[in-house]
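The values are calculated or read from the model by the stated rules, or taken from the named source; none is laboratory data. Because the structure is a prediction, the values reported are computed rather than measured. When we count neighbours, we look across all protein chains shown, and the Cβ atoms used for this are built from the backbone with ideal geometry, even at glycine. Protein only, heavy atoms only, side chains kept; ligands, DNA and RNA dropped before computing areas. Shrake-Rupley method; radii C 1.70, N 1.55, O 1.52, S 1.80 Å.
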Amino acid sequence: ADLTATMTLTQLRAKYVPTATTAFVFPDDSNDIVEGYVSSTDETGNIYKTIYIQDKAENPTQGFVISVDMVSTYTRYPQGSKVYIKLAGLALGTYGGVVQLGVKTGTETPATSVSRIPEKLVPSKVFRSCSIREEIKPMIMTSAQMITANDKYIGCLIQMNNAEFDS
């Protein structure tokens, strides 16, 4: 049976305020659940211990980063699968300036950061929906749009056409 989301990814993101001095921790008895679509895959090894999700398979309005202490997440959470995340006991904090979902162990420095969700805990927090996998259609954006989008698309699949990189 599929779970029911109690908040959107945008509402989840809003729980972490930029002026925070510590991570935001959901109480162990919280019933809050978010849902999203897995936007990436670590099958080729270019993504490490991270599950990226977005709120819709096409034209997303919010992406999110889930920090997990596991590799080959694509075997359990393939790209396009809908997932539900039980937030009880999880924490929102930053790593490298990016807000993400993880756990608070108390050893993090700075206090605003979070640790990866332990591998053995992931299956009790991140549930794959029984629904058919969606095709994640990349959002086509220009570099100018990327710059002004602040961080809401971090975790979303983005396509930038005619991009050039200095060797």
State all residues of segment 108-117 that are in contact (Cβ under 8 Å) with a residue 60 or more places away in the chain and open to solvent by 80 Å² or more (accessible area, probe 1.4 Å); if no residue qualifies, say none. R116
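Kindly check whether there is at least one residue in segment 20-40 that is among the polar types (S, T, N, Q), touching a helix residue (DSSP H, G or I) at 6+ places or on another chain (Cβ under 9 Å) and more than 25 Å from N150 (Cα to Cα). If you could, list the steps in order and put the result at the bottom.
Taking segment 20-40 and keeping what is among the polar types (S, T, N, Q), we get 21-22, 30-31, 39-40.
When the remaining residues are screened for being touching a helix residue (DSSP H, G or I) at 6+ places or on another chain (Cβ under 9 Å), the result is 40.
Then drop every residue that is not more than 25 Å from N150 (Cα to Cα), which leaves none.
For segment 20-40, residues among the polar types (S, T, N, Q), touching a helix residue (DSSP H, G or I) at 6+ places or on another chain (Cβ under 9 Å) and more than 25 Å from N150 (Cα to Cα): absent.
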Hey, among the residues in segment 118-150 that are in contact with a Leu (Cβ under 7 Å, 6 or more places away or on another chain) and without any contact (Cβ under 8 Å) to a residue 60 or more places away in the chain, which one's least open to solvent (accessible area, probe 1.4 Å)? K125
Scan (1) in a loop (DSSP other than H, G, I, E, B); (2) open to solvent by 100 Å² or more (accessible area, probe 1.4 Å) for the single condition T105 breaks and write down its number. (2)
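Kindly provide the set of residues from segment 151-164 that are without any contact (Cβ under 8 Å) to a residue 40 or more places away in the chain, open to solvent by less than 60 Å² (accessible area, probe 1.4 Å) and assigned to a loop (DSSP other than H, G, I, E, B), ordered by number.
Residues of segment 151-164 without any contact (Cβ under 8 Å) to a residue 40 or more places away in the chain: 158-164.
Next, from what is left, pick out any that are open to solvent by less than 60 Å² (accessible area, probe 1.4 Å): 158, 163.
Hit for segment 151-164 is A163, nothing else.
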Only one of (1) open to solvent by less than 40 Å² (accessible area, probe 1.4 Å); (2) assigned to a loop (DSSP other than H, G, I, E, B) does not apply to G93, and that is (2)
